[in-house]
Amino acid sequence: MNTNSSNIMALAPNTSNKRETVCIFGTGDFGRALGHKMIQSGYPVVYGSRSTQMSNLIPKDAEVLSHAEAAQKAAIIIVAIQRQHYNFLTPLAEILHGKVVVDISNNLKLNQYPESNAEYLAQLLPGAKVVKAFNTVSAWALQSGTLDASRQVFVCGDYMEAKQMVMNIVRALGLTPLDQGSLLAAQEIENYPLQLFPMWKFPIFLSFGLAAFFFFYCLALDVIYTYIYENNNFSFFIAITIPNRVCPVMALILLALVYLPGVLAAIIQLYRGTKYRRFPDWLDKWMLCRKQLGLIALAFASLHVLFTLVSPLRSFVRWRTSKGIISQALNNKTEPLDNANAWLSDSYLALGILGFFLFVLLGITSLPSVSNNVNWREFRFVQSKLGYLTLILCTAHTLVYGGKWFLSPSAYKWYLPNIYMLSLVVPCTVLVVKFVLVFPCVDKPLTQIRQGWERTPKYSE
Ligand code: NAP
């Protein structure tokens, strides 16, 4: 009997479908969009505004009153007004006493004020139960219904039941509330919308720096050197030839940089004999941006494929081919097929195609929609085993392409190695160290350490 009645009680709020009135201060973009969505979800909405005149932009089922009148009609007041105007709330402190006041504001700069906007609001209204919410949802997304990318609503506040009331509204709007704890979390939540691709900063700066370095390196060796010593003007190399040298080099180095922190971490753990000590900060940060490094590497690899595919259309390539044919015709001599060369060129292309195919596969599995559908073991298999296979294929592709010139003095203009030789340093290092790490005498202690074994336990029984 008891169980039945409690079930009926639990169901009661949902079956009645009656929602409490919500008051929104401010009839600006966000206030209107949120009001619209709330009315659609069955909430009666009353606006508190400086002007009580209805305009056709305001949802027609909503009421517009003065701030004081509107606040008296609801237990929850959402303040959809910029922080710099908050002092208009001070005279309303008494009316807002005991009410749930929701701060949705954002700033223009990171840590713009000493305290968060929500804490400032709580100082202005000491009797109110201030909750931070909705600041990561945009007015445009609310209005257009394109909330897929921003369905999560971060909520924080010092009053549990006030937070619950706000989270119920969030759920009723079809969004997902994420409780972030007390009002102290508001500063961090306010900083979220201001962050500009935080995980991409280091990979992008690194890629730009390396790409610029390799571009000028090629410019010096392929254009300036040939102009000075061979009197050839190959300045047009800047458009396709040099980018098509820089892109594969960047793709290979960045792919190797995805796997380098993993082998460094293994060496550190072996050296320390424990996994319970933190890695240096730079290594932690590097590990966290491996996905971004990999995706930039894939972008460079794709550009390399495109540049290579347009090669036959280039006037320089057509000129060089016809020059070769004409010289054979003039000499009345057909050059025999060099079987070794044919093997080299076909293997080089095959390795490149396979490497690129796996590269794309790695990129696809890193997409959240795909990675969410594979279990941890499958994800690790693709990212680690197939990742290393991709690195091996791409390194082999480069080695087969330029391996024969390693010992040729003409490959060292100004005593500098060619760019593809430089590109092999990091991937070869990673592969050699990884090869050593898979030896059973190294792999066994490393696996033990990763399962919690310590060479000199800190806490012995
Ligand atoms: P808005 O279009 O500029 O509207 C703000 C409203 O504040 C005005 O329409 C006005 O409403 C009221 N107001 C202006 N000056 C005032 C004053 N001196 N005293 C009292 N009320 C005043 O701004 P919004 O884009 O709606 O943004 C409102 C808040 O939501 C901001 O804190 C913003 O950071 C936050 N937010 C906005 C978005 C978004 O996508 N727009 C997303 C997340 C969070 P009345 O004329 O009715 O009084």
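Of note:
- Residues in segment 379-396 carry Karplus couplings, in order, of 4, 5, 4, 5, 6, 9, 5, 5, x, 5, 4, 4, 4, 5, 5, 5, 5, 5 Hz; the curve used is 6.51 cos²θ - 1.76 cosθ + 1.60 with θ = phi - 60°, and Gly or Pro positions show x.
- Rounded to the nearest Hz, the phi-derived 3J(HN,Hα) couplings of segment 154-163 under the Karplus curve 6.51 cos²θ - 1.76 cosθ + 1.60 (θ = phi - 60°) are 7, 10, 8, x, 8, 10, 4, 6, 5, 4, where x marks glycine and proline.
- Counted by neighbouring Cβ atoms within 10 Å, the residues Asp29, Asp281 run from fewest to most as Asp281, Asp29.
- Residues Lys109, Lys291 arranged by fewest to most Cβ contacts within 10 Å: Lys109, Lys291
- Amide H partners (placed H, <5 Å) of Phe25, local residues excluded: Gly48, Ile78, Val79, Ala80
- Crossing angle, helix 241-272 versus the chain [Cα axis fit, 0-90 degrees, rounded to tens]: 70
- Those aspartates and glutamates that a straight Cα-Cα span of less than 20 Å connects to Lys275, excepting residues fewer than 8 apart in one chain: Asp284, Asp443, Glu454, Glu461
- Ordering Leu288, Leu257 by the number of other Cβ atoms within 10 Å of each residue's own Cβ, fewest first, gives Leu288, Leu257.
- With the charge dipole of segment 22-194 set up from +1 on Lys and Arg Cβ and -1 on Asp and Glu Cβ about the Cα centre, the Cα lying farthest toward the positive end among the listed residues Val100, Val22, Ala62 is that of Ala62.
- Between 0 and 90 degrees, the angle of helix 315-330 with respect to the longest Cα principal axis of the chain falls at about 20 degrees.
- For segment 22-194, share of DSSP beta bridges that run antiparallel, in % to the nearest 5: 10
- The long axis of helix 29-40 is offset from the longest Cα principal axis of the chain by roughly 70 degrees.
- Antiparallel content of DSSP bridges confined to the chain, in %, to 5: 10
- Here's the list of lysines a cross-link from Lys129 could span, going by alpha-carbon distance under 19 Å and ignoring same-chain residues fewer than 8 apart: Lys73, Lys99, Lys163.
- Rg ratio (alpha-carbon, reference 2.2 N^0.38 Å) - the chain: 1.41
- Lysine pairs meeting the criterion (Cα under 30 Å, 8 or more apart or interchain), as found in segment 303-461: 12
- Cα-based shape type of segment 22-194, given that a ≥ b ≥ c are square roots of the gyration tensor eigenvalues and the cut on a/c is 1.5: rounded
- Relative contact order (percent, whole number), segment 22-194, Cα cutoff 8 Å, 6+ residue spacing: 20
Every number in this text was worked out from the coordinates using simple rules, so none of it is lab data. The shown structure was predicted, so the numbers you read here are calculated from the model rather than taken from an experiment. Every residue, glycine among them, receives a Cβ derived from its backbone with ideal geometry; neighbour counts consider all protein chains shown.
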